[in-house]
Amino acid sequence: MTTGGIWKHTPRDALLLVFSVAQFAVTIWLATAWEGASVPWRAGGYALLAVMMAYNIIVISHLFTHVPWFTSSRLNGLVSLLNSVNIGQSVQAYHLTHVRNHHRFNNDLKGTDGTTRDTSSTYRDGKDGEHAPLLPYVVTGALDSLIGRGREILYVVRLWRVGAGDANLLSLAARREPRRSKELRQVQADRAAHCLSLVLFAAISWQWTLFCYLPSFFIALAMVNVQNYYRHYGADPSSRATDSVSHYGRLYNALTFNDGYHQEHHLSPATHWSQMPVVRERRRGELDSRPRIISPVPAMLGFLDRRRPLLHHGTATGGAPSTATETRRRSA
């Protein structure tokens, strides 16, 4: 699906760009209005900032890492810079770790070496073939990300270049030139944009940066980890058609550009968000051929889905899932 002109796929991606620009503008406004603001106003600012960052990571930048919006690589590079500021981390690095790691290994179980190949797998710190407990997965992951971003600030001594200490990024970057150098330069530029934005925020209000931005950023990272956890909790990692969880609520998918079609996204990660319902119909036979999980609530609220089958138990024990009948009924 191509449209010609500046948009690579559809002018509807302008909505994603509008949100990106609006988020940056609102963030600056929140920083400038912090001094003398009331307690309720500040509480609202915390919540708004955390939700905007989490939404951008889960929806906006996630979609962009899979399907860039513009035909021009320069315009896509500028979007990467903008949203690196908005999400507090390099969008290009997000692309490398998410698209080339998560979507290659798809929340895999531990191997014979005692770990998972997907570095974000919910099984990575679990035991006996189980998911890691929710709270450690969410909090530890958020802390690791926060520490990683703090370490990147210190990379100013090498102008934020990707160095020997970035072994994971170096292993995920393209093998061939000039693509490899281009990707690593974009990571460097993204990091610089993020770190310089922190200088800007601190210049506007160091109190806001320290007491609002950083806590909100941590909360956003935790929210993203909750989302990822319940996108995969209970799913069967033995098949590409059952290794994640979808939610087909119309309102949620209208507000999140079809983010709920997560199983379909796993099957066809390079497909544009507007075509996810088409993927579901095209691959319905494959999707319906074995039990899979369809959640009645969005992943962020996955803890409310208390009747969710645990299909991974069948995978962990080498047997067939014992909840197949229930899952087929709920998937209809």
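Structural remarks
- Exactly one residue out of Asn56, Asn76, Asn86 is without any contact (Cβ under 8 Å) to a residue 24 or more places away in the chain and either within 22 Å of the chain's Cα centre (by Cα) or over 23 Å from Leu198 (Cβ atoms) (or both), and it is Asn76.
- Here Phe64 meets the list (1) in contact (Cβ under 8 Å) with a residue 60 or more places away in the chain; (2) surrounded by 22 or more Cβ atoms within 10 Å (Cβ to Cβ); (3) over 21 Å from Tyr155 (Cβ atoms) almost entirely, failing just condition (1).
- Failed item, numbered, when Ser73 is tested on (1) touching an Asp or Glu at 6+ places or on another chain (Cβ under 8 Å); (2) surrounded by fewer than 23 Cβ atoms within 10 Å (Cβ to Cβ): (1)
- Residues of region 57-87 satisfying the condition of being assigned to a loop (DSSP other than H, G, I, E, B), out of contact with any strand residue (DSSP E or B) (no Cβ under 8 Å at 6 or more places or on another chain) and either among the hydrophobic types (A, V, I, L, M, F, W, C) or at positive phi (or both): Val67
- Of the residues examined, Ile6 is one that is open to solvent by 20 Å² or more (accessible area, probe 1.4 Å) and in contact with a Phe, Trp or Tyr (Cβ under 8 Å, 6 or more places away or on another chain).
- Scanning region 3-51 for residues that are part of a helix (DSSP H, G or I) and among the basic types (Lys, Arg) yields a count of 2.
- Scanning region 11-58 for residues that are open to solvent by less than 70 Å² (accessible area, probe 1.4 Å), farther than 27 Å from Gln227 by Cα and of a type in the set (S, T, N, Q) returns a single hit, Ser38.
- Annotation note: Cβ proximity below 6 Å between a residue of region 153-180 that is aromatic (Phe, Trp, Tyr) and a residue that is open to solvent by less than 70 Å² (accessible area, probe 1.4 Å) and part of a helix (DSSP H, G or I) (sequence gap 6+ or interchain) occurs for Trp160/Gln188; Trp160/Arg191; Trp160/Ala192.
- With a requirement of 3 or more residues that are open to solvent by 20 Å² or more (accessible area, probe 1.4 Å) and without any contact (Cβ under 8 Å) to a residue 40 or more places away in the chain, the helices (runs of 4 or more DSSP H) lying completely within region 228-314 that satisfy it span 250-255, 276-282.
- Residue, surrounded by the fewest Cβ atoms within 10 Å (Cβ to Cβ), within region 76-122, restricted to residues that are in contact with a helix residue (DSSP H, G or I) (Cβ under 9 Å, 6 or more places away or on another chain) and farther than 19 Å from Leu63 by Cα: Thr119
The values are calculated or read from the model by the stated rules, or taken from the named source; none is laboratory data. Quick caveat, the model's predicted, so the values are computed rather than measured. Note that we place each Cβ from the backbone using ideal geometry, even for glycine, and neighbour counts take in every protein chain shown. Heavy atoms of the whole protein, side chains included, go into the accessibility calculation; ligands, DNA and RNA do not. Shrake-Rupley method; radii C 1.70, N 1.55, O 1.52, S 1.80 Å.
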